[in-house]
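Everything below concerns the one structure shown next.
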Amino acid sequence: MPLEPAVSLAVCALLFLLWVRVKGLEFVLIHQRWVFVCLFLLPLSLIFDIYYYVRAWVVFKLSSAPRLHEQRVRDIQKQVREWKEQGSKTFMCTGRPGWLTVSLRVGKYKKTHKNIMINLMDILEVDTKKQIVRVEPLVTMGQVTALLTSIGWTLPVLPELDDLTVGGLIMGTGIESSSHKYGLFQHICTAYELVLADGSFVRCTPSENSDLFYAVPWSCGTLGFLVAAEIRIIPAKKYVKLHFEPVRGLEAICAKFTHESQRQENHFVEGLLYSLDEAVIMTGVMTDEAEPSKLNSIGNYYKPWFFKHVENYLKTNREGLEYIPLRHYYHRHTRSIFWELQDIIPFGNNPIFRYLFGWMVPPKISLLKLTQGETLRKLYEQHHVVQDMLVPMKCLQQALHTFQNDIHVYPIWLCPFILPSQPGLVHPKGNEAELYIDIGAYGEPRVKHFEARSCMRQLEKFVRSVHGFQMLYADCYMNREEFWEMFDGSLYHKLREKLGCQDAFPEVYDKICKAARH
């Protein structure tokens, strides 16, 4: 009897392999991708997660990371000096494979540049007196929440997806529904430690090497190699008391969302726009008390995907109040990768699938990229949009009309943030902090005759016109002149010259522009 499931599984696997043989692997990966994802990528993703969780737990319990950190940094310095001694013939980049990143890009520069191996993936220290956590750059948000919430602390801004790394969130950017209070991920960081182009080590803070401190965010690893960061932490509570409110009419949506984003008593503010005039706006506060009848552990594997759960409030036209465990709230969109997983596993939110296989969801984005293939990548590029545009809140209504006209993708994620007036690549137009909003569009465009390049260039043009910014993980169709019109390169270029980066690292535009894509 115990052999029967194993035999059934083996027969299914054999039939699948025969089908692949007949149809061809490329056909299956493109037209029936869910089969490959369910049979191979979900189990593999689970194994990856278990390995990294156990490793992180063992390392932290043995306190081995701080002891090994200095030696690992010296090894990075040694690699950089060897590159210099060998004549600095090519640019340098991190040796981490491109498919391991959450960005959709697989940079072809990895094949031509000098790869510097950086094995830094541990939490080094939690100092509750100074309210600081010191971490290595490859530490993930999943690691951070697992550790900090277990000891009663959290990050003020904790971006959504488990696999996002600290290094990626600093060198790129990160945002969450608490950003209207605390700003972007870079704004909760208090210190960066880097290995520079000459192999030297430097620590920078707002008062020590301050130019470098403000230039590092959004620089995509083109000023030096990040080897550690210090990040603020705040006391955590058990639950988020989350209020759901459906709002209809674009003007009403924008007014309500702006109002809630300006209220500092809201710990969290988020909106999901299901059409141009239908949205659910969510506001939350952390609390240690919960009404048992309204407790909703949305992170449990058998629960409906969060964006579908939210949509029910819109369909039934009712407000709601729920108490969500804090870590479940932080990773509320993780299981469905916001709403991207519905395009990969169309029946993924079906109750039967959730109860039987939901514990393996989601597949790792890195594995999805690795197995994507050139044909599927090109199809995605032409028929799929993944973009986050950051625009001033005062332009929200105009921006949503532009998104509707240029790409027409729903749902749309709305996340407010305060943008301080600080030096660096990204800051408001004036000298005062300004309220901005991240408009996240992920999915298949429904605009007629969608053509990725022309439609995205239209959208990028609008964002530049309102002094907005495009997140650099996504496809960028701007030319160099347009890019530096969007971003303030004055401090960045000054530091690249001062630190000798021109021969060591490509300019940020050359790493993220469309031509740099694999």
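A few points about this structure:
- Residue 505 being more than 28 Å from residue 394 (Cα to Cα), open to solvent by less than 10 Å² (accessible area, probe 1.4 Å) and touching a residue at least 40 places away in the same chain (Cβ under 8 Å): yes
- Residue 414, sole failed condition from (1) under 30 Å from residue 383 (Cα atoms); (2) out of contact with any strand residue (DSSP E or B) (no Cβ under 7 Å at 6 or more places or on another chain); (3) not in a helix (DSSP H, G or I): (2)
- When 492, 509, 473, 442 are screened for being hydroxyl-bearing (Ser, Thr, Tyr) and part of a loop (DSSP other than H, G, I, E, B), only 473 passes.
- Condition met for residue 184 (assigned by the TED database to the domain that holds residue 160 and surrounded by 20 or more Cβ atoms within 10 Å (Cβ to Cβ)): yes
Residues are listed down the side, and each one gets a yes or a no for (1) open to solvent by less than 40 Å² (accessible area, probe 1.4 Å); (2) at pLDDT 90 or above; (3) under 26 Å from the mean Cα position of the chain (by Cα); (4) not assigned by the TED database to the domain that holds residue 184:
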{"site": "71", "(1), (2), (3), (4)": "no, yes, no, no"}
{"site": "79", "(1), (2), (3), (4)": "yes, yes, no, no"}
{"site": "83", "(1), (2), (3), (4)": "yes, yes, no, no"}
{"site": "96", "(1), (2), (3), (4)": "no, no, yes, no"}
{"site": "99", "(1), (2), (3), (4)": "no, no, yes, no"}
{"site": "129", "(1), (2), (3), (4)": "no, yes, no, no"}
{"site": "132", "(1), (2), (3), (4)": "yes, yes, yes, no"}
{"site": "152", "(1), (2), (3), (4)": "yes, yes, yes, no"}
{"site": "162", "(1), (2), (3), (4)": "no, no, yes, no"}
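- Applying the criterion of being modelled with pLDDT under 70 and closer than 23 Å to residue 120 by Cβ to the residues of segment 32-59, the residue that is surrounded by the most Cβ atoms within 10 Å (Cβ to Cβ) is 56.
- Qualifying positions in segment 60-69 - crowded, with 16+ Cβ neighbours inside 10 Å and either closer than 17 Å to residue 197 by Cα or at pLDDT below 85 (or both): 60, 65
- Of all residues in segment 201-244 being of a type outside the set (A, V, I, L, M, F, W, C) and at positive phi, the one that is most open to solvent (accessible area, probe 1.4 Å): 209
- Taking first residues from segment 474-486 that are free of Cβ contacts under 8 Å to residues at least 40 places away in the same chain and partners that are among the aromatic types (Phe, Trp, Tyr) and open to solvent by less than 60 Å² (accessible area, probe 1.4 Å), the Cβ contacts under 8 Å between residues at least 6 apart in sequence or on separate chains come to 476/483; 480/509; 483/509; 484/509; 486/469.
- Complete set of residues in segment 187-200 that are hydroxyl-bearing (Ser, Thr, Tyr) and surrounded by fewer than 18 Cβ atoms within 10 Å (Cβ to Cβ): 190, 200
- Between 139, 195, 166, 126, the distinction of being in contact (Cβ under 8 Å) with a residue 24 or more places away in the chain, in contact with a helix residue (DSSP H, G or I) (Cβ under 9 Å, 6 or more places away or on another chain) and closer than 19 Å to residue 235 by Cα belongs to 126 only.
- Only residues that are acidic (Asp, Glu) and either open to solvent by 50 Å² or more (accessible area, probe 1.4 Å) or not in a strand (DSSP E or B) (or both) were counted across segment 425-438, and they come to 1.
- Residue in segment 333-346 that is nearest to residue 38 (Cα to Cα), counting only those that are open to solvent by 10 Å² or more (accessible area, probe 1.4 Å) and touching a residue at least 60 places away in the same chain (Cβ under 8 Å): 344
- Members of segment 255-289 found to be crowded, with 18+ Cβ neighbours inside 10 Å and either modelled with pLDDT under 95 or acidic (Asp, Glu) (or both), listed by number: 260, 270, 278
- Of all residues making up segment 120-148, the number that are closer than 22 Å to residue 287 by Cβ and not in a helix (DSSP H, G or I): 2
- Sole exception among (1) buried (at least 19 other Cβ atoms within 10 Å of the Cβ); (2) closer than 27 Å to residue 221 by Cα; (3) in contact with a helix residue (DSSP H, G or I) (Cβ under 8 Å, 6 or more places away or on another chain); (4) of a type outside the set (Lys, Arg) for residue 422, by number: (1)
- Taken over segment 244-259, the criterion of being of a type outside the set (A, V, I, L, M, F, W, C), out of contact with any Phe, Trp or Tyr (no Cβ under 6 Å at 6 or more places or on another chain) and touching a residue at least 40 places away in the same chain (Cβ under 8 Å) is satisfied by 245, 251, 258.
The values are calculated or read from the model by the stated rules, or taken from the named source; none is laboratory data. Source: prediction; values computed, not measured. So basically every Cβ, Gly included, is an ideal-geometry build from the backbone, and we count neighbours across all protein chains shown. Note: areas computed on protein heavy atoms with side chains; ligands, DNA, RNA excluded. Shrake-Rupley method; radii C 1.70, N 1.55, O 1.52, S 1.80 Å.
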